[in-house]
Amino acid sequence: MQAIDTRRRALLKGAGAAALLAPGASALADTAAKAAADPWTRAEAIIGKFATPLAFPKRDYAITTFGAKPCAMSKARGFLDSEQGPTELLTPSPGSHDCHPAIRDAIAAASKAGGGRVVIPAGNWYCKGPIVLLSNVHVHLAANAQVCFSANPADYAKHGEYDCGANGKLSLSRWQGNDCLNYTPLVYAHNQRNIALTGEDWTSTLNGQGGVTFEDGSGDNWWAWSGKNATSPTARQGVVNPANAASLSALAPQLPEAELALIQGANPNWRSDEKFLPALSEARVAIGKRVFGKGHFLRPCMVEFVGCSDVLMRGYQVLASPFWLHHPVNCRNVHFSKVKMESMGPNSDGFDPESCETVLVDGCLFNTGDDCIAIKAGKGTDTQYGPTRDVVIQNSVMNSGHGAITLGSEMAAGIEHVYAQHLEIRNMHWASDPLGTAVRMKTNMNRGGYLRHFYVRDLVLPNGVRTKAGFYKPIEGGPIPPRTVSSGGGAVITIDCDYTPGFDNVRTRPPRVSDVHISDIRVSNVKTGDGAYSSYQAFVILGPVAHSYNGAAGAPVPPLTDISIRDCDFGTPRNADQPWFIHNVRGLTLTNVKIGERSHNATLSG
C-alpha cells in the first residue's frame, strides 16, 4: 500500500501570519489592525478573496461522447425521510446503463488536455461508482440533469487509491472527525487544485439514493446502517462488529494498560464501527491500519474533497445523501454557493468544512436531517490538519435540521474567525419537523479544542425554533439534574460544552470558548396547541462540566469568557420561569435583549 500523506496543506504551513500573507491573501493581513476595532472587516476581506472566479480552459467534454446513455426511471418503495415510513419513489430501472466509466474517462481526458469542463447533459444518468475530480477540471450538470448514484456499497470499494484486500480499494477519508480508509465518497477529490462542481440550476441534481433498498439483495439501505429502519440486527455502525479487533493491544502495543483500559471502556460496544474508529485515533494507530470499507458500516459522504485548494461548489441540488452532504477536509479557498440541499436522512449535515481555511457559504437552501452547517476540526488525536478558520456564512435559508449554524462537535484542532450574517432561519416545517436551534456550538471533554472569534448578526427566525426541550443527559452524579437544560434542542442560542458526554470513554480535554459575539437576532412566535411560543429557552450557555472529566487530577476546567448578546428579540420562550441557563460562564453580557415582555441589560456569571 502506498504511503498516506496527511500533513497540513503545504500552503498553510506556518498558519496564522504566514497564511495571511500567502499569495492572494494580503487583504486579510492589511485589515488585521482594523479587525481589532471592527471584526467584520476580516469577514469582508474573506468575501473579497472570492471576487475573481476560478478559471478553466474553454473545452467541453460531454459524457455522451465517452459512451454515457441516459436511463429510464421506475417506481420503487423506499425512504425519503428516515423519520417517516417507506413511500413510493423513483430509481433507475433494473439493468440501466452504467455511466461511471464515461464520466471517469471524460474527466481523465479533460485532465490530460490540461483542464476543461465535463458536461452531464439533461436526462437521468445511472452511476455505479464515484465521480473523482482532478485538477483544473470543472464537472457541470446541465438543467434537468440528474445523476443517480447506485445503491450498492460495493461500487464505492472498487476505485480507491488504496488496495485493502478483502475490504476493497478504498479512499482516504475522515469520518466524524477521524481519519480512515473507507468507501470512496460519491463525489471525491484528493490533493487536487482548481476544481469545480456546478449545476445550471436546482433541476441539476445529485441523487445519493440514501433511502433506496440496496441492489445487492441485503434488504437494507445506506440510512439503515445508522440503525434507522434497519432490517439487519448487525449491519449497523452502532453495534459490535466482529471484524474489529477484540483488543487494541496488538495494534497499539506501546499503550500502558491503564490508557488501553480507558480507551476501550467497560462496554463491549466500543467495537462498533462508530466507536472503534475513534478508539484507533485515541490509541494513535497509523491511518494505514484504520481499514474499514467492505464488512463495515461507516457510510460515505455525498461530496468529500480532501487536501484540495481553490474549490467551487455551486448551483445544483443534492437529494438523499448516504451521510454528510458536503465535507471539504483540509481544503483552502472553498466557495459553496447557491446549492439546494434536500436530504432528510440520519446524519444528513448539509455543509461541514473541516480543518479548512478561507470558506464562503452564500445563497444556499438547507433542508436537512441533521445540522444545516457544522464547522469541524478533527477528533481525538487527529488534529494534524489544524484548525478551521476564516469562514463566512451569509444570505442563506435554513429549514429543518438540528442546528442552523453549528460549530463542532468534532473540533479538537480548534475553530476561529467564523462570521455568520444575513440569514433567514425559516424553520418552515416547524409544526412537524422543527429546527432544533439557530446558533449552536457543541463539544465535550473528549472533543476538546477551542472556539474563539465567532461573530453572528442579522438573523431572522419567522417561525422560531423547537418549542419543546431536547434535554441534556449528564453523566450520573453531576451538578446539573437531568431534564432541566435544553442543550439538545429548544434554545435559540446553544453553547454546549458537555455534548453527549457519555458517548466517549476518553474525556480528558477540557474545551475553551471565548470571544463569541451575537447581535440582531429577531425571533417570532408560532401558535402551538397551548400558546404562542418562539422556543423552549432563549439561550443555553453550558460551559465545561468538571464532573465529566476523567483525566489526570488537577487539570483546570476553564469557564467560558467574553461572550455577548445584544440587540436581540427572542420572542416568548415556553419556559418563562427559566428563559435561560448558564453554567461555568464568566461575564456573559446582555445588552438590549428582549425576552417576552422584559428587556435585559446585565452581566451574568455562573
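The values are calculated or read from the model by the stated rules, or taken from the named source; none is laboratory data. Quick caveat: nothing in here was measured; it's all calculated off a predicted structure. With ideal geometry, Cβ positions are generated from the backbone for all residues, glycine too; neighbour counts draw on all protein chains shown. Just the protein is used for accessible areas: all its heavy atoms, side chains included, with ligands, DNA and RNA removed. Shrake-Rupley method; radii C 1.70, N 1.55, O 1.52, S 1.80 Å.
Laid out as a table, the results:
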item: Scattering curve values for region 251-361, log₁₀ I(q)/I(0), Debye with Cα scatterers, q = 0.09, 0.14 Å⁻¹; result: -0.34, -0.73
item: Projected area, mean over directions - region 462-606, Cα convex hull, nm²; result: 8.8
item: Using alpha-carbon coordinates, inclination of helix 100-112 to the longest axis of the chain, degrees; result: 90
item: Hits among lysines - C-alpha to C-alpha of K69 under 23 Å, sequence gap 8 or more where chains match; result: K128, K158
item: Sequence-distant lysines (8 or more away, or on other chains) whose Cα lies within less than 16 Å of K468; result: K527
item: Calculated P(r) of region 52-173 - Cα pairs past 19 Å, %; result: 56
item: Order by protection proxy (mean Cβ within 10 Å, highest first), peptides 533-544, 108-119; result: 533-544, 108-119
item: Relative contact order of region 37-165, pairs being alpha-carbon contacts under 8 Å that are 6 or more residues apart, as %; result: 24
item: Rounded accessible area per residue of region 222-338, 1.4 Å, Å²; result: 33
item: Estimated vicinal HN-Hα couplings, Hz - region 180-193 in sequence order (Karplus 6.51, -1.76, 1.60; Gly, Pro = x); result: 6, 9, 8, 3, 5, x, 5, 10, 9, 8, 9, 6, 10, 9
item: Computed over the chain: relative contact order in percent, which uses C-alpha pairs under 8 Å that are six or more apart; result: 9
item: Vicinal HN-Hα couplings computed from phi for region 442-459 (Karplus, 6.51 cos²θ - 1.76 cosθ + 1.60; Hz; Gly/Pro x); result: 9, 7, 7, 6, 8, 6, x, x, 9, 10, 8, 6, 10, 10, 9, 8, 6, 10
item: Amide H partners (placed H, <5 Å) of G227, local residues excluded; result: Q237
item: Equivalent-ellipsoid semi-axes of region 328-460, from the Cα gyration tensor, Å, largest first; result: 23, 16, 13
item: Karplus 3J(HN,Hα) series, Hz, for region 592-598 with 6.51 cos²θ - 1.76 cosθ + 1.60 (x for Gly, Pro); result: 6, 9, 9, 10, x, 9, 10
item: Set of aspartates and glutamates near K289 by C-alpha distance (under 17 Å), chain-local residues within fewer than 8 positions excluded; result: D5, E161, D163, D179, D273, E274, D382
item: Heavy atoms of E342 accessible to a 1.4 Å probe, total area in Å² rounded to 10; result: 60
item: Mean residue ellipticity (222 nm) of the chain, computed from DSSP H runs ≥ 4 via -39,500 (n - 2.57), nearest 500; result: -2500 deg cm²/dmol
item: Region 399-459 - accessible surface per residue (Å², probe 1.4 Å); result: 22
item: Cα centroid of region 393-471 to Cα centroid of region 65-122, whole Å; result: 33
item: Size of charge dipole - region 433-478 - debye, nearest 20, with Cβ of Lys, Arg +1 and Asp, Glu -1, no other charges; result: 100
item: Normalised contact order of region 90-189, rounded percent, pairs of Cα under 8 Å and 6 or more residues apart; result: 23
item: Amide H within-cut-off set for V132, under 5 Å, with H built and near neighbours excluded; result: Y188
item: Exposure of S432 as accessible area (Å², to 10), given a probe of 1.4 Å and all protein chains; result: 100
item: Neighbourhood net charge (14 Å Cβ-Cβ; Lys/Arg +1, Asp/Glu -1) for D220; result: +2
item: Rounded to 5, percent antiparallel among DSSP beta bridges of the chain; result: 15
item: Translational diffusion of region 529-606, µm² s⁻¹ [Kirkwood Rh, Cα pairs; Stokes-Einstein; 37 °C; 0.692 mPa s]; result: 234
item: Region 413-528: Rg to Rh, with Rh as the Kirkwood radius over Cα pairs; result: 1.00
item: Burial ranking of peptide ranges 478-488, 320-330 (average Cβ count within 10 Å, highest at the top); result: 320-330, 478-488
item: Cα radius of gyration and Dmax for region 171-221 (Å); result: 14.7, 40
item: Antiparallel bridges, percent of DSSP beta bridges restricted to region 544-599 (to nearest 5); result: 20
item: Area accessible to solvent at T65, 1.4 Å probe radius, in Å²; result: 110
